[in-house]
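Engineer: This is the structure I have questions about; it appears just below.
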Amino acid sequence: MVAPKLSLIFCCYNVSKYIDGIYKWLCSQSYNNIEIIFVEDCSTDDTKKKLFSVVHDPRMKIIENSRNLGLSESRNVGLKNATGDYIGFPDPDDMFDLCWLDEIANIIKYHSPKVIITGMREDYENGENIEYSKNILSEYSGVINNNFSKVLIDLEKSFLFGYMNNKFYNREFIIKNKFSCKNLSLKEDFEFNIHVFSLINDFYILNKPYYFYKKRRNGNTLTTKFVPDYFGIHLNSVLMLKRLLESKGNLSSDAVSLLVKRFFRYLLSAIERNTNKQANLSFYKQKIWIKEVIEFDNNVKWFLDNCNVLNYPLKFLAILIKMKSYNTIVFLGRFVGFVKNNLPIFFTRIK
């Protein structure tokens, strides 16, 4: 069998300081049958200049967007121009193990799955220093063609399911089914994977921490962006996951537990974010927001009815909701925000 061609699509917006590193890393790969597409998305720094000055490998090309399209549309541009047998979407400010592409190629050669999922290593960085790293792995490995729902639950518990950057997709399958990335403020990767996994019944898990996901903080704060519709997007993602799991069989107790815990986790995170100055919400408006979600949003009723599966500290939030102690819930959000901003590594470890 001819060595499979791997297309890697890097969407580049204001990532100038990472271009040298990722280019050298790619050139260091022992696997040669690769196609690298850099999609330059009208950066406001010197990313474009850096790309054209650094990238000279004939296996690599640069595509310039005529206007700023954002991550999802830039991925779609790369997808339309890719010619590989399989496509990956790594981020230009991350790294991956030098063995990764060789192992991906071997998996394709012997199994030809529709999707390959790779384990990850999260690196929490402050400046040039890695303060904390953790491996994110599944309980499962190899070809997955049964216990589909159970494996999906495990992947989502470990947060390996939702990302696109730790996966390779069969290009023919993606094109045939007209999959594309939807432009969202958050969770665009997750929605893409929901649609893909709804049409497959087997995939492969490379259960090694080969993709290095970089989480950076400035000073004493983890880098995050404020998104006004944070809760709505995350609620929709949980509902989509619920429908996917239901399509693969009846919801197991593990599925119910996962979905409910995800909902309460996102709800608490939204409450914390609403205490942020960028939300521009008074204490009273924060309290009203919580009340409207709990008492008037029909989509949340199923999660509230199944809150008996929760453990502390999320169980404490459920108790406060049942008591309608909305003032206390706002204070809880402020406390979570204080820990997140002042003790970021501790927050990461207990999250």
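The values are calculated or read from the model by the stated rules, or taken from the named source; none is laboratory data. On a predicted model such as this, the values are computed, not experimentally measured, just so you know. Please note: Cβ atoms are built from the backbone with ideal geometry, for glycine as well, and neighbour counts cover all protein chains shown. Accessible surface is based on the protein model in full, side chains and every heavy atom, while ligands, DNA and RNA are left aside. Shrake-Rupley method; radii C 1.70, N 1.55, O 1.52, S 1.80 Å.
Engineer: Out of all the residues in the range 163-191, which are closer than 23 Å to PRO209 by Cβ and free of Cβ contacts under 8 Å to residues at least 40 places away in the same chain?
Structural biologist: Once the filter is applied, which keeps residues that are closer than 23 Å to PRO209 by Cβ and free of Cβ contacts under 8 Å to residues at least 40 places away in the same chain, the range 163-191 yields only ASP189.
Engineer: Still on this structure, please answer the following. Within the range 63-88, how many residues are surrounded by 16 or more Cβ atoms within 10 Å (Cβ to Cβ) and in a strand (DSSP E or B)?
Structural biologist: 4
Engineer: Take the range 291-339 and flag every residue that is of a type in the set (Val, Ile, Thr) and free of Cβ contacts under 8 Å to residues at least 12 places away in the same chain.
Structural biologist: ILE319, THR328, VAL339 - these are the residues of the range 291-339 that are of a type in the set (Val, Ile, Thr) and free of Cβ contacts under 8 Å to residues at least 12 places away in the same chain.
Engineer: Determine whether TYR124 is among the aromatic types (Phe, Trp, Tyr) and not in a loop (DSSP other than H, G, I, E, B).
Structural biologist: For TYR124, the condition - among the aromatic types (Phe, Trp, Tyr) and not in a loop (DSSP other than H, G, I, E, B) - is met.
Engineer: Follow-up. Mind checking which residues of the range 32-54 are outside any helix (DSSP H, G or I), closer than 18 Å to MET95 by Cα and either β-branched (Val, Ile, Thr) or at pLDDT 95 or above (or both)? Explain how you work it out, then say what you get.
Structural biologist: Our first condition is that a residue be outside any helix (DSSP H, G or I); within the range 32-54, this holds for 32-46.
With closer than 18 Å to MET95 by Cα added as a condition, the list becomes 32, 34-39.
ILE34, GLU35, ILE36, ILE37, PHE38, VAL39 - these are the residues of the range 32-54 that are outside any helix (DSSP H, G or I), closer than 18 Å to MET95 by Cα and either β-branched (Val, Ile, Thr) or at pLDDT 95 or above (or both).
Engineer: Restricting to the range 70-92, count the residues that are free of Cβ contacts under 8 Å to residues at least 60 places away in the same chain and within 19 Å of the chain's Cα centre (by Cα).
Structural biologist: Restricting attention to the range 70-92, the residues satisfying the condition of being free of Cβ contacts under 8 Å to residues at least 60 places away in the same chain are 77, 80-81.
Applying the additional criterion that residues be within 19 Å of the chain's Cα centre (by Cα) yields none.
Adding up the residues that qualify gives 0.
Engineer: Mind listing whichever residues of the range 105-115 are free of Cβ contacts under 8 Å to residues at least 40 places away in the same chain and closer than 20 Å to GLU35 by Cβ?
Structural biologist: ASN106
Engineer: If we only count helices (runs of 4 or more DSSP H) wholly inside the range 235-351, which ones have 1 or more residues that are under 30 Å from HIS195 (Cα atoms) and in contact with a His (Cβ under 7 Å, 6 or more places away or on another chain)?
Structural biologist: 253-274
Engineer: Turning to a different aspect of this structure: Considering only the range 5-29, how many residues are surrounded by fewer than 21 Cβ atoms within 10 Å (Cβ to Cβ) and part of a loop (DSSP other than H, G, I, E, B)?
Structural biologist: Matching residues across the range 5-29 total 5.
Engineer: For the range 116-147, enumerate the residues that are over 15 Å from MET95 (Cα atoms), touching a residue at least 24 places away in the same chain (Cβ under 8 Å) and either more than 16 Å from the chain's Cα centre (by Cα) or open to solvent by 80 Å² or more (accessible area, probe 1.4 Å) (or both).
Structural biologist: ASN126, GLU131, TYR132, TYR140, SER141, GLY142, VAL143, ILE144, ASN145, listed by residue number.
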